[in-house]
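To start, the structure itself, in structure tokens.
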Amino acid sequence: MRTRLDLALGRFLSGLILTLATALGVVAFLYPFFTPQRASGQAFMAHSTDAPLIFLVLLLLCVVVIIGSLETGQMNSKIIAVLGILVAINAVLRLIPGPAGFTAMLFLPILCGYAYGADFGFLLGALSLLVSAIVTGGMGPWLPYQMFSAGWMGMASAWLPRLKRFGRVEVVMLALWGAVLGLVFGAIMNLWFWPYLANVGASHDTQWQTGSGLLATLGSYAAFYVTTSLWWDMGRAIGNLLLILLFGAPVLQLLRRFQRRFRFEMANG
């Protein structure tokens, strides 16, 4: 039988590990802005030297989250099985084709993060990207950054207000949130290669220039995002909106049924 101390310790450990993972991700995305550029114009080779280490540390942190949750009673073998099933399903959902940047891969992390908590949402988002990459042969220096970004989408969904009593309002809130995250995911992911486009080409309006200040950098990135990614990410945003409006209510009901049956409590971050 879990005590309040066990639950409090579990929440503390989960929060600490997710904070460490988030700090690692932020550093991984942003450190090129503070180091001399050595790979200008080679976007697809960005982070080719440091990505393996980042990947290993991120994977280790995911394992620590699982072990810590097991030790404190927040998760048990049944919940691990549920997580594994959802990871597999989400990896398949990523393969569903659609217009522009449409992808269903954020549908489950958003709903599970909201229903089960920050650590479950982060694990589902990150690990499903890993499984999908293994299945499709999409392993590359971009993978840990995709895992961080998808994990953050699930983690952030745990911070939404609880509107279970308001039925349809809850689904509309999640649908709008999903639309926002569809854009946010793309905006974050661009950062894994954007600094490596510095000083390339005739126009500098959409490129980061070494030594640029914060406002200049934000302005250049905004121009880059609007001209190259916004229309693409709109497909993901609209896809999230429609998927959650159509299927959010029954999926949430199913997730909560699992939670009641297996009697587990996840930290909401």
Taking into account only those residues within the stretch 142-156 that are part of a helix (DSSP H, G or I) and over 8 Å from the mean Cα position of the chain (by Cα), which is nearest to residue 106 (Cα to Cα)?
156
Residue ID - surrounded by the fewest Cβ atoms within 10 Å (Cβ to Cβ), chosen from residues in the stretch 144-166 that are under 16 Å from residue 187 (Cα atoms) and of a type in the set (A, V, I, L, M):
156
Do we have residue 109 as out of contact with any Cys (no Cβ under 9 Å at 6 or more places or on another chain) and surrounded by 23 or more Cβ atoms within 10 Å (Cβ to Cβ) here?
yes
Using beta carbons and a limit of 9 Å, which pairs, at least six apart or on different chains, have the first residue in the stretch 243-263 and over 15 Å from residue 177 (Cα atoms) and the second one of a type in the set (S, T, N, Q) and surrounded by 12 or more Cβ atoms within 10 Å (Cβ to Cβ)?
262/76; 263/76
Filter the stretch 207-225 down to the residues that are in a helix (DSSP H, G or I), over 17 Å from residue 186 (Cα atoms) and in contact (Cβ under 8 Å) with a residue 24 or more places away in the chain and list them by number.
217
All but one of (1) touching a Phe, Trp or Tyr at 6+ places or on another chain (Cβ under 6 Å); (2) at pLDDT 95 or above hold for residue 195; state the number of the condition that does not hold.
(2)
Scanning the stretch 207-244 for residues that are farther than 14 Å from residue 194 by Cα and of a type in the set (Phe, Trp, Tyr), which turns out surrounded by the fewest Cβ atoms within 10 Å (Cβ to Cβ)?
231
Pair list, Cβ < 7 Å and 6+ apart or interchain, from the stretch 58-82 residues that are over 18 Å from residue 144 (Cα atoms) to residues that are among the basic types (Lys, Arg)
73/2
Filtering the stretch 66-94 down to residues that are at pLDDT below 85 and exposed (fewer than 15 other Cβ atoms within 10 Å of the Cβ) yields 67, 71, 76, 77, 78
Going by what's in this entry, would residue 30 be described as part of a helix (DSSP H, G or I), more than 22 Å from residue 130 (Cβ to Cβ) and at pLDDT 85 or above?
yes
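Which members of the stretch 245-264 meet the condition of being at pLDDT below 80 and either touching a Phe, Trp or Tyr at 6+ places or on another chain (Cβ under 9 Å) or exposed (fewer than 14 other Cβ atoms within 10 Å of the Cβ) (or both)? First the steps, then the outcome.
Of the residues in the stretch 245-264, the ones at pLDDT below 80 are 259-264.
Answer for the stretch 245-264, where residues must be at pLDDT below 80 and either touching a Phe, Trp or Tyr at 6+ places or on another chain (Cβ under 9 Å) or exposed (fewer than 14 other Cβ atoms within 10 Å of the Cβ) (or both): 259, 260, 261, 263, 264.
Could you list all residues from the stretch 157-167 that are assigned to a loop (DSSP other than H, G, I, E, B) and at pLDDT below 90? First the steps, then the outcome.
Initial filter on the stretch 157-167 (assigned to a loop (DSSP other than H, G, I, E, B)): 158-163, 167.
Within the stretch 157-167, 162, 163, 167 qualify.
The values are calculated or read from the model by the stated rules, or taken from the named source; none is laboratory data. Computed from a predicted model, the values in this text were never measured in an experiment. Reconstructed Cβ throughout: ideal geometry from the backbone, glycine too, with neighbour counts over all protein chains shown.
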